[in-house]
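Worksheet for the structure shown next.
What follows is calculated from the coordinates using simple rules that are stated; it is not laboratory data. As the structure is a computational prediction, the values presented were derived from the model and not from experiment. Quick reminder, even Gly has a Cβ in these numbers, built from the backbone with ideal geometry, and neighbours come from all protein chains shown.
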Amino acid sequence: MSEHTTNTALRLRPPAHRVSRRAIGYWTTTGAILWILLIGLQTVIVVTSDDPPSFLRVTLVISCVLCPLHLVVMPQWRYRVHRWEVTDEAVYTQSGWLKQQWRIAPVSRIQTVDIERDPFEQLFGLAKITVTTASAAGPLRITGLTHDRALALADELTKTTQAVRGDAT
Amino acid sequence: MSSTETVMTPPDEGTQDAPWHHLDRRMLLIRPVLDLVKSLPVLLGALLFGRGEPWQWFGLAFTAIAVFTGVSHVLTSRYRITASQVEWHTGLLLRKQRAIPRDRIRTVDVTSEPKHRLFSLAAARIGTGRHSHGKGPGKDELVLDAVTVAEAQRLRTLLLHRKVETVASGSAGSAEEAAAPPEQLIAAVDKRWLRYAPFTLSGLAVVGAAVGTVYHFAHELHFDPIQFSLVQAVVGHFADTPTWLSLVVAAAGLLVLVSVLSVGGYVLSFWNFRLTREPAGTLHIRRGLITTRSVSIEEDRLRGVEIREPLPLRLAGGARCVAIAAGLREGKSADKGGSLLLPPAPLARAHEVVAEVLGADPAATPLVRHPRRALYRRLSRAVLGVLLLAAVLYGLAWLGALPDWPWQAALVLLPFAALVGWDRYRGLGHAFTGRYLVTRSGSLDRGTAAVRCDGMTGVVVERSYFQRRAGLVTVIAPVAAGKGHYRVLDVAEADGLALADRAVPGLLTPFLTGERDRG
């Protein structure tokens, strides 16, 4: 148990590792696809419809301004914000820009370790890891790891998890 | 017939070649009738409207299949308890088998609905500790729909008290069954608690459902309630009186109706409520007037307790008590699930029950108040929420979609919102008692949760942009029970982290930095 003196400036330090730099490209690509769909849809309606609703022009202009801003800022910001660390005892992740979140799960409570790759992640050689515990409060996710790193990490985690067996609830 | 089996509990029960038990055959007298009633709409539809049409036979076939399935379920279902697992086989055409390892069984929940009580039967639900959140009953649950009450009790003792049994193995036999272990009574319902019933507002849901149903049927049958003479008379009567008076009368009538229904609901669901502790370390809850429920919670699986004080109940000085236990179904409302430890009762009684159940009363420890900046956040959130609502309503009124009064009504709500925000701040608090993390929050639905620290499956710290500016964080304790997570809302960053560090020793320590960055 730690000391009872009030620690006035106690803080969580950020986790040690960043995700792969390639994740920036991945986030830009997936973001761009969403924007293309959004802007494309509005353009098609504005151009082809006889009497397009007036607000659609406004939203189209707004979208065209926001799109490049978002695509430049978002991946960089995300890259700075998403961090992770795995020690022998715990998994520690940091995420979120406006609402920041730090999740710490002891290795002894880990139930499953999943690796997922969508087509774009495969293109960039990336993978995301999902670590679940018995609680319904939500899993720990690390996105944008290189595939090799993710495999090694999942391997390591399942090994240490098996070493500390219990029913983990 | 299965009752005779229970009396002379076969000595080989719980071994590899344990005998198979069947569901009680008396269910054959009830089940077909119920199935028939259930498929009555289809049957009536087929007979009345489908005369001579080929699809009339579909209705008949549907009914026949329903009855047949029910009968075959009763006839073919069998179960046995071997040394390591509970096995269950059912079905004639579509055969199903299920086995649950005995060491995974956490709860045995015995329910007697009216259909069971006719022959003093019961349904036994055997549940594992899997935390199934939300929708429907857990898939890994085993339901034995018709066993005698005695058999259900036997199953409960056999499956939950296995530790005791292994000690007294063999010699026990029928003695274990006959000498039902003495229970220690923790709480029983008191007639005087009925005065809290109107404050639960449970009747409101009934009124809502009734109005909805009546409206729906009236609509379906193209029946306009305004045409109905009684309704017309009432409406006509009100047309003469001023609006404010009819509003007052309607509100008073609704209040009385809701109160009466709430008292009725209280009696129905909490009558004969008894919370007892059995020697093997199991909490046992029995309650209900017509449908009786019986829930067992292994104390190993208890992760804590929550005292809930919704605003109306709190104003009346009452509270409910809910168990945070792994493997219990958390339904739409916690009362529906098995986790209720005490129905609405005096607050002091709730604390006594917590003390009895946990051995100490962590919920009564004085809580550390949260910093004043949390008050501004509560206030601004409550007030801004209402302002936003008023703005949207005003916008709609401006567009002509709504009349003016909704946004004006929203503005009237402002002072109440501020009061609620202030009350929410007053409620905020946390404490650490060595074994429990205690956190309180909420105003309209205030809850004080005491979560066992060794039940926490990690720590989550959250900080929104505004919390960051105020130097506050929300510390979330994830547990594999109850709501799934319990929050310590708007606590000063350093205090929250120190709390989490103490609750789960060593977990956060490597990730914390000390006084280094002061100021």
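Starting from the Cα gyration tensor of the protein assembly as shown, take the square roots of the eigenvalues, sort them a ≥ b ≥ c, and report rounded, prolate or oblate (rounded when a/c is under 1.5, otherwise prolate if a/b is larger than b/c, else oblate). Since a/c stays below 1.5, the shape of the protein assembly as shown is classed as rounded. The charge dipole of the protein assembly as shown, taken about its Cα centre with unit charges on the Cβ atoms of Lys, Arg (+1), Asp and Glu (-1) only, comes to about 1280 debye. Applying the Karplus relation 6.51 cos²θ - 1.76 cosθ + 1.60 with θ = phi - 60° to region A:139-147 yields 3J(HN,Hα) values of x, 9, 10, 10, 9, x, 7, 5, 4 Hz, where x marks Gly and Pro.
Computed from backbone phi, the HN-Hα couplings of region B:42-47 come to 5, 5, 4, x, 5, 6 Hz, rounded to whole numbers (Karplus: 6.51 cos²θ - 1.76 cosθ + 1.60, θ = phi - 60°; Gly and Pro given as x). Placing dummy labels 7 Å off each Cα toward the beta-carbon, the span from residue B:414 to residue A:58 is 2.6 nm.
Between amide H atoms placed 1.01 Å from N, distances below 5 Å from residue B:85 occur with B:102, all of them 5 or more places distant or on a separate chain. Residue exposure proxy: B:189, A:44, ordered by other Cβ atoms within 10 angstrom of their Cβ from fewest to most, comes out as A:44, B:189. Amide H contacts of residue B:304 (H built 1.01 Å from N, in plane; Pro and chain starts excluded): B:324, B:452 sit under 5 Å, all sequence-distant by 5 or more or on other chains. Here the spin labels are modelled as points 7 Å beyond Cα on the Cα-Cβ line, and at residue B:119 and residue A:123 they lie 6.5 nm apart. Each residue of region B:71-88 was assigned a 3J(HN,Hα) from its phi angle through the Karplus curve 6.51 cos²θ - 1.76 cosθ + 1.60 (θ = phi - 60°); the sequence is 5, 5, 4, 5, 6, 9, 5, 8, 9, 8, 10, 9, 4, 10, 8, 9, 10, 9 Hz, with glycine and proline shown as x.
Structure note, pairs A:128/A:159; A:99/A:128; B:38/B:483: Cα-Cα distances above 26 angstrom occur for B:38/B:483. Sorting B:486, B:196 from the fewest to the most surrounding beta carbons within 10 angstrom yields B:196, B:486.
This ranking places A:148, B:24, A:50, B:240 by how few other beta-carbon atoms lie within 10 Å of each, fewest first, which gives A:50, B:240, A:148, B:24.
Classification of region A:83-163 by its C-alpha gyration tensor yields an oblate form. The axis ratio a/c (a ≥ b ≥ c) is 1.5 or more, and b/c is at least a/b.
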